[in-house]
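Right, one structure below, let's go through it.
The values are calculated or read from the model by the stated rules, or taken from the named source; none is laboratory data. Small disclaimer: the values here were computed from a predicted structure and weren't measured. Every residue, glycine as well, gets a Cβ built from its backbone with ideal geometry; the counts of neighbours run over all protein chains shown. The area values use the complete protein model at the heavy-atom level, side chains included, leaving out ligands, DNA and RNA. Shrake-Rupley method; radii C 1.70, N 1.55, O 1.52, S 1.80 Å.
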Amino acid sequence: KIPGVLDTEAGYTGGWLENPRYDDTHDSKSGHAEPVRVVFDPAKLSYEDLLAKWFFRMQDPTTLNRQGNDAGTQYSPAIFYHSEEQKRVAEAVMRELAPLYPKPIATKLLPFTTFYPAEAYHRDYFARHPEAPYCRLVIAPKLEKARKAFKSLLRP
């Protein structure tokens with residue numbers, strides 16, 4: 001667990017379709033992205049650190065419409081900001097980190113609108129299906145890499 005993160009939830013946001021389902025996110029049917037909503041305690045984890053130390057290291061911010069083997073507009077990296085201050089912080093973090101990447105940062109900065117929680121079968125998928133090929137071959141190696149990189153920052 002990440003110190004200062006109180007809760008996370010998979011879902012959909014940024015599109016035009018009300019109450020989308022997982023299948024609605026494919027092929028731009030709804031315009032929604034598949035983000036993770038993060039609730040955090042700013043007294044323990046700043047928004048800047050959440051972005052710089054976690055968000056930008058946990059995914060590829062340079063690949064438009066793709067994250068690893070997953071392709072489609074719903075997988076384009078995006079930050080949905082809740083205030084102008086969050087937008088300014090995100091812009092500053094992106095400027096600071098840009099020289100560290102071999103390609104330009106493609107992460108979109110978009111105003112938050114409505115968040116629709118994912119269906120029950122889509123939540124906690126890795127925890128419920130660790131034996132699934134996608135979990136074993138894609139998610140598990142990513143988590144192991146993150147655990148090693150952030151070992152000193154993680155709670156036991």
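With respect to (1) open to solvent by less than 20 Å² (accessible area, probe 1.4 Å); (2) at pLDDT 80 or above, the lone exception for S76 is condition (2).
Only one of the numbered conditions (1) under 13 Å from the mean Cα position of the chain (by Cα); (2) at pLDDT 90 or above; (3) open to solvent by 40 Å² or more (accessible area, probe 1.4 Å); (4) of a type outside the set (D, E) is not met by R57, and that is (2). Scanning the stretch 11-27 for residues that are in contact (Cβ under 8 Å) with a residue 40 or more places away in the chain and either of a type in the set (A, V, I, L, M, F, W, C) or open to solvent by less than 10 Å² (accessible area, probe 1.4 Å) (or both) turns up G11, Y12, T13, P20, T25.
Within the stretch 1-28, restricting attention to residues that are part of a loop (DSSP other than H, G, I, E, B) and among the aliphatic types (A, V, I, L, M), which residue is nearest to the chain's Cα centre (by Cα)?
Here is the first cut: in the stretch 1-28, the ones part of a loop (DSSP other than H, G, I, E, B) are 1-4, 14-21.
Remaining after also requiring among the aliphatic types (A, V, I, L, M): 2, 17.
Values: I2: 14, L17: 20 Å.
In this case the residue turns out to be I2.
The condition of being touching a helix residue (DSSP H, G or I) at 6+ places or on another chain (Cβ under 9 Å) and modelled with pLDDT of 90 or more holds for only one of L110, L143, L51, that being L51. Please work out which residue is most open to solvent (accessible area, probe 1.4 Å), limiting yourself to the stretch 29-54 and to residues that are in contact (Cβ under 8 Å) with a residue 40 or more places away in the chain and in a loop (DSSP other than H, G, I, E, B). By that ranking, first place goes to K44. Could you tell me whether A90 is surrounded by 13 or more Cβ atoms within 10 Å (Cβ to Cβ), at pLDDT 70 or above and not polar (S, T, N, Q)? Yes, satisfied.
If you go through the stretch 104-120 and keep only what is more than 15 Å from Y12 (Cβ to Cβ) and in a loop (DSSP other than H, G, I, E, B), you end up with P104, I105, A106, T107.
The residues of the stretch 129-140 that are at pLDDT 75 or above and open to solvent by 70 Å² or more (accessible area, probe 1.4 Å) amount to a single one, E131.
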